[in-house]
Amino acid sequence: MRNQPHVLAIVLAGGEGKRLFPHTADRAKPAVPFGGSYRLIDFVLSNLVNAGFMRICVLTQYKSHSLDRHISQVWHMSGMGGEYITPVPAQQRLGPRWYTGSADAILQSLNLVYDEKPDHIVVFGADHVYRMDPRQMLDHHIATGAAVTVAGIRVPRSEAFAFGCIDAGDDDLIRDWVEKPSDPPGTPDDPDATFASMGNYIFTTDALVTALKADAEKPDSTHDMGGDIIPALVEQERAYVYDFARNQVPGETERDRGYWRDVGTIDAFYDAHVDLVSVHPVFNLYNNLWPIRTQQDNLPPAKFVNGGMSQESMVGAGTIISAATVRNSVVSNNVIVEDGAVVEGSVLMPGVRIGRGAVVRKAIVDKNCHIGAGDVIGVDHERDRLRFPISAGGVVSVAKNSVTSLPG
Ligand code: ADQ
């Protein structure tokens, strides 16, 4: 066991995730099912736990019931050597208001910091798909003597308007920061790439507490980590970037090294599933040296009967595929695909039933939906649009618990 400095991890999990609607209609974004048997929050929690960061508070707020339940059932741990992973709901400790932003969420939870007295506070987002060893980022943070260290990754410039954009010198000191600009800057070596914040930060405790308190006094602040706290620290303190390209995780391949996806939109969420099922996956869930942990229900293996088959797909436990064809899809646990049905390029969440002869293409079908016999989804978008939201990239979303039938 290496001698680690005292670290408290805070996971920001209160996001509403409007752009993932309808899959966030009654759950917080970090609780959205992903990859057949996971929820989004499992990625950050696995990264922290695999690194040995075992004091973790998950700040929840928006529609947090399924998130709280998941953390309590799958991740909850307390006692043993002071280790714990615990959901912390908004408690209105500083007055009768919910969290006004991610910085306010931490400000209102500072009692956790005062109790724990950590040297460093790891503040990570909860809705990204990636593997990362945060110890390497902590080592960098300590070596530079930074007040804050921001994890950074190069993204296509055309997508960078959704991120905090970083201008750093060769010494990794951040010279300039602009949150979600309409015209993001390129990098010195590539005009089509932007160095973006991953929304993962490590703070020296005093620096974070001071910055949060100063921010709380500013009447025009939105009390947002990326919008207010980081820009203030870049201006006033030593803020460094940790280049994610340097991070190395055991068992990763050349192909999935450096993989990180913000799955905040339907199209990004869908594309990240496509990354899982290609023959040589761009993101490899089968790396047991850095496992992505989750709940494994007590279920029988998947079963294929009456000539039912699947190709280039992941199929969860407890699923039955009967005389049906599944291609290029992520099929979760406890799904039934009935005779003659065809499922292509789709994401079926747990408990879905696809009726006899139904066709489902390029769709995300949320938990416990029943697609009626003979229904056709994802083939004629004009007709689909009357029943379902369709993303810019042409992905049809079917909301949780929907029971569908082909309109007459
Ligand atoms: P966004 O993802 O747009 O940008 P935000 O919506 O604040 O920022 O979400 C960040 C994290 O905080 C998410 O995990 C979310 O669930 C959580 N969160 C949001 N509001 C919260 C609240 N009130 N209480 C608790 N948790 C909350 C951020 C940064 C950018 C960066 C991107 C990377 O602002 O600079 O580039 O993340 O995805």
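Per the Debye formula on identical point scatterers at the alpha carbon atoms of the stretch 1-77, with no solvent, log10 I(q)/I(0) at q = 0.18, 0.19, 0.24 Å⁻¹ is -0.72, -0.79, -1.14.
Counting only alpha carbon atoms, the long axis of helix 205-216 and the longest principal axis of the chain meet at about 80°.
Rounded to the nearest 10 square angstrom, Lys303 shows an accessible area of 110 square angstrom against a 1.4 Å probe. Please figure out what share of the DSSP beta bridges in the chain is antiparallel and state it in percent, rounded to the nearest 5. Roughly 35 percent of the DSSP beta bridges within the chain come out antiparallel. Over the stretch 187-331, the fraction of Cα-Cα pairs per 5 Å bin, rounded to whole percents and listed from the shortest bin up, is 2, 7, 11, 13, 14, 13, 11, 9, 7, 6, 4, 2, 1, 0. Seen against the Cα atoms of the chain and their longest principal axis, helix 266-277 is set at about 70 degrees. A helix-only calculation puts the chain at -5000 deg cm²/dmol for mean residue ellipticity at 222 nm, using -39500 (n - 2.57) for each DSSP H run of at least four residues, averaged over all residues.
Converting phi to 3J(HN,Hα) with the Karplus coefficients 6.51, -1.76 and 1.60 and the offset θ = phi - 60°, the stretch 340-349 yields x, 6, 10, 10, 10, x, 10, 10, 10, 7 Hz in sequence order, with x at every glycine or proline. Sorting His65, His6 by solvent-accessible area of protein heavy atoms yields His65, His6, largest first, with a 1.4 Å probe.
Amide H contacts under 5 Å for Val123: Ile10, Tyr201, Ile202, Phe203, restricted to partners 5 or more places along the chain or on a different chain, H placed in the peptide plane at 1.01 Å from N. Diffusion of the chain by Stokes-Einstein, at 10 °C in a medium of 1.306 mPa s and with Rh set to the Kirkwood radius over alpha-carbon pairs, works out to 71 µm²/s.
Per-residue Karplus couplings for the stretch 394-404, computed as 6.51 cos²θ - 1.76 cosθ + 1.60 with θ equal to phi - 60°, are listed in order as x, 9, 8, 10, 10, 6, 3, 6, 5, 10, 10 Hz, Gly and Pro entered as x. Helix 41-50 axis versus longest C-alpha principal axis of the chain: approximately 50°, rounded to the nearest ten. Sorting Asp375, Asp170, Asp183 by solvent-accessible area of protein heavy atoms yields Asp170, Asp183, Asp375, largest first, with a 1.4 Å probe.
Rolling a 1.4 Å probe across all protein chains gives Asp171 an accessible area of roughly 90 Å². Of interest is the spacing of the C-alpha centroids, which for the stretch 119-139 and the stretch 344-369 amounts to 34 Å. Each Lys and Arg adds +1 at its Cβ and each Asp and Glu adds -1 at its Cβ; summed about the Cα centre, the stretch 7-267 shows a dipole of about 1000 debye. Between Ala214 and Leu289, residue separation times 0.36 nm minus the direct Cα-Cα distance comes to 22.8 nm. Phi-derived couplings, Karplus 6.51 cos²θ - 1.76 cosθ + 1.60 at θ = phi - 60°, listed residue by residue for the stretch 11-25: 9, 7, 10, x, x, 7, x, 4, 6, 9, 4, x, 6, 10, 5 Hz, with x used for Gly and Pro.
DSSP finds beta bridges in the stretch 303-404, and of those with both partners inside it, around 5 percent are antiparallel. Looking at the stretch 333-408, none of the GluC sites (Glu not before Pro) sits in a DSSP loop with at most 14 other Cβ atoms within 10 Å of its own Cβ.
Across the stretch 303-404, the volume of the C-alpha convex hull divided among the residues equals 72 Å³ per residue.
What is the distance in Å between the Cα centroid of the stretch 152-187 and that of the stretch 38-57? About 26 Å separates the Cα centre of the stretch 152-187 from the one of the stretch 38-57.
The values are calculated or read from the model by the stated rules, or taken from the named source; none is laboratory data. Every value quoted in this text rests on a predicted model; they were computed, and no experiment measured them. No Cβ is skipped: glycine too gets one built from the backbone with ideal geometry, and neighbour counts run over all protein chains shown. Surface accessibility is based on the protein's heavy atoms, side chains included, excluding ligands, DNA and RNA. Shrake-Rupley method; radii C 1.70, N 1.55, O 1.52, S 1.80 Å.
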